[in-house]
Amino acid sequence: MELSRRDVLSALSAASAGAVAGCSAPTSGDETVASEAAASEVDTTDATVDDHDVDTLVALGEVVYPSGVDGVEPFVREYSAERVRRDPEYEAGVVDAVSRLDAYVEEFYSDPYADLSATERLAVLEQLSVDDADPVPDGEDRERIRYYLVNELLYAFYATPTGASLAGLENPPGHPGGTTSYQRGPNA
């Protein structure tokens, strides 16, 4: 399956409609205060997504998206460049998460995450237990990586007609499918 420009536009429109990857449940008063204090640790003054950050997102997309999907690099580049730069605070979180991922990788390899082979990139995610981590924007490194990087990429992918069809959702929200898409039985 090939990710197209239409998929980029679908993902961006879904993200613009108020849906945000990595959303978490509302918190109680004490948790909100703790969350706000921890979130203030991320410096949003000069954090801008650069080519290295986008390269890292592409490298992540290549290992978290299903192997049968083509066009990952242009899809992630176009989506990330637009989506992440819309919100300066979120952009700072992405930059911070990429730097935390690279800091972890540099303990074991001499290259940043984006320069590793696909096998090594997948191994790093498994070592960090990113797949088991809760997406917490102000949490531990693996939780921030899950929230800002992995969940963002997965949300973008599954918000597209191509990604949704791989998950068995032939008519994702915002994608017209006609009356036959909801009149068929579950085994059709």
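The values are calculated or read from the model by the stated rules, or taken from the named source; none is laboratory data. What you are looking at is a predicted structure, and each value in this text was computed from that prediction instead of being measured. Don't worry about glycine lacking a Cβ; one is built from the backbone with ideal geometry, like all the others, and counts go over all protein chains shown.
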For the stretch 55-97, enumerate the residues that are farther than 17 Å from residue 130 by Cβ, of a type in the set (A, V, I, L, M, F, W, C) and modelled with pLDDT of 90 or more.
92, 95
Total residues in the stretch 134-144, condition of a type outside the set (A, V, I, L, M, F, W, C) and part of a loop (DSSP other than H, G, I, E, B)
6
Among the candidates 49, 42, single out the residue that is of a type in the set (Val, Ile, Thr) and either assigned to a helix (DSSP H, G or I) or modelled with pLDDT under 55 (or both).
42
Any pair with Cβ under 7 angstrom, 6 or more apart, that starts in the stretch 57-71 at a residue that is over 13 Å from residue 122 (Cα atoms) and ends at one that is outside any helix (DSSP H, G or I) and small (Gly, Ala, Ser):
71/4
Every residue from the stretch 87-109 that is exposed (fewer than 14 other Cβ atoms within 10 Å of the Cβ) and touching a residue at least 40 places away in the same chain (Cβ under 8 Å)
88, 89
Quick check on the stretch 120-133: of everything there that is without any contact (Cβ under 8 Å) to a residue 24 or more places away in the chain and assigned to a loop (DSSP other than H, G, I, E, B), which residue is farthest from residue 101 (Cα to Cα)?
132
For the stretch 62-110, enumerate the residues that are of a type in the set (Asp, Glu) and not in a strand (DSSP E or B).
62, 73, 78, 82, 87, 89, 91, 96, 102, 106, 107
